[in-house]
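Readers should treat all values here as calculations from the given coordinates under stated rules, not as data from a laboratory. Keep in mind the model is a prediction, meaning the values are calculated, not measured. Cβ sites come from the backbone with ideal geometry, for glycine too, and all protein chains shown count toward neighbours.
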Amino acid sequence: MYRILFILLLLLPFKGESEVFPIQIIKGYLFTEAVIEGEHVLVILDTGAPGLVLNQKYYQADPESAIECTGINGNFEGKSRLVSKWSWLGVTAKNSTALVSDLSFLENSLRREVRALMGLSALSQFYVSIDYDSRTISVEKEMTEIPEGSFFKFQYADHLPMITCKVNGEKKTLGIDSGSECNFLFNYQPPANQDLLADVSKVLVVGTDNKQDIRHRMMMTLEVNDSQIATASEFIVDLKAERSFRHDAFDGMLGQSFLSQYKIIIHPGKQKIMLIPREASNQIASAIMP
């Protein structure tokens, strides 16, 4: 969602080898508890966020702290703030720089208070397991029980985890963004045969910069991890080529509509991820229940 310099965090010792934290799922967004400058608040886990992103409605930015950011509508200017202390999922950071942004588009959509977004950079030394069924996040230094399946590697574009996929048979690099409701494909080239666009529908999209725009929703085939995952997925595209947004490092994003189908295990530092279909996860759980 943003482009920002890497935030250096002072990480205090992690308590215990493994901890499990509850999450709330509201319209696909993952809410967890954090303590920011002594106040207990709910924040959204956003894998597309560069560390801590504060809502300007509740936190004042430091003067003359302009930062260039990037959203789905292109570049825009953000502000920053020095935060004396915050804690989240067993990790504590002191005197770290946070982005301050207008998150009113999230509050308007969710109709509730959104104090901040939290990225995965604070958890770079840990395995993070996101379980939509149990509504928990597990954080552990080393995995004592590795589930069936295989980890595969990802890369970063700035702070955003990127995986290589095929969309309609074409190789694409897509970001993993739990803060995005939908899957997005940038710089889409409409087919010459207009009949293939018959099922396309319009959708109003609100970007991180709070700009509204009309895009188009369409179904495409998606293959992940050398076709180990193959599914039909809905993507948001822009059919007006003259205003098409393109990021040099990636071609689009996989959002909640894709990620929520899986139990996600990710190690931000080792740059590896595992996606376990929720149906398979539920079958394994049922098999071991007495």
| remark: Here the gain from full extension of Asn108 to Gln125, 0.36 nm per residue of separation minus their alpha-carbon distance, amounts to 2.7 nm
| query | For Thr231 and Gln24, what is the calculated FRET efficiency with R₀ set at 22 Å and r taken between the beta-carbons, to the nearest 0.05? | reply | 0.25
| said: Taking amide H atoms as placed 1.01 Å from N in the peptide plane, list the residues 5 or more away in sequence, or in a different chain, whose amide H sits under 5 Å from that of Gly78. | reply: Ile67, Glu68, Cys69
| query | How do Leu89, Leu103, Leu239 rank when sorted from fewest to most other Cβ atoms within 10 Å of their own Cβ? | reply | Leu239, Leu89, Leu103
| Listed pairs Lys57/Lys202; Lys153/Lys263; Lys172/Lys272; Lys27/Lys94 exceeding 21 Å between Cα atoms | Lys57/Lys202; Lys27/Lys94
| said: Cut-off is 10 Å between beta-carbons; in what order do Phe151, Phe126 appear when sorted fewest neighbours first? | reply: Phe151, Phe126
| request: For Lys272, list long-range residues whose amide hydrogen, built 1.01 Å from N in the peptide plane, is under 5 Å from its own amide hydrogen. | output: Phe154, His267
| Of Ser233, Ser124, how do they rank once you tally other Cβ atoms within 10 Å and put the fewest first? | Ser124, Ser233
